[in-house]
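Accompanying notes for the structure given below.
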Amino acid sequence: MLAMDKQLTAEQSQQVAATVREELARRRISRQQLAELAKISMSTLEKALGGRRPFTLATTVRLEEALGVSLRKRTDARLRSCRQWRRSHRITSVLIRAARWRGSRAPT
C-alpha cells in the first residue's frame, strides 16, 4: 500500500470529518462544491463524512489543500513521544558535554 493510500484511524477520521463539517458551515459552501474543489468524488466525501469509510491520507491532503487548513492533528501520544525524545536528547547532550569537559581537565 502506498503512503498516500494509507487510511486514517477511526478516531482520526472522526476528527477530520468534524473539522470539515465546521469549515463547510463557516464558509457556507456545499459538500458538492468542496468535492469539486478537492477533486474527489461526491460519493467518497459523503461516505467519509458519514463515517461509512475512513479517510485516506490522499483524500485528507486534497481536502486540506482545498480548504487551506490542516485537518490532521498531532495526537497527545505523538506529542508525548516528541517531548520525551527532546528531554532524553537534552540529558544526553549535557552528559556528553560534562564528559568532554572532565576529559579536557585530566592531569597530564
Looking only at the stretch 15-45, count how many residues are assigned to a helix (DSSP H, G or I) and out of contact with any helix residue (DSSP H, G or I) (no Cβ under 7 Å at 6 or more places or on another chain).
10
Restricting attention to the stretch 15-55, which residues are charged (D, E, K, R) and surrounded by fewer than 16 Cβ atoms within 10 Å (Cβ to Cβ)?
Arg21, Glu22, Arg26, Arg27, Arg28, Arg31, Glu36, Lys39, Glu46, Lys47, Arg52
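Here, each number is a calculation from the coordinates, and none is a lab measurement. Computed from a predicted structure; not experimentally measured. Cβ coordinates were reconstructed from backbone atoms using ideal geometry, including for glycine residues, and neighbour counts include every protein chain displayed.
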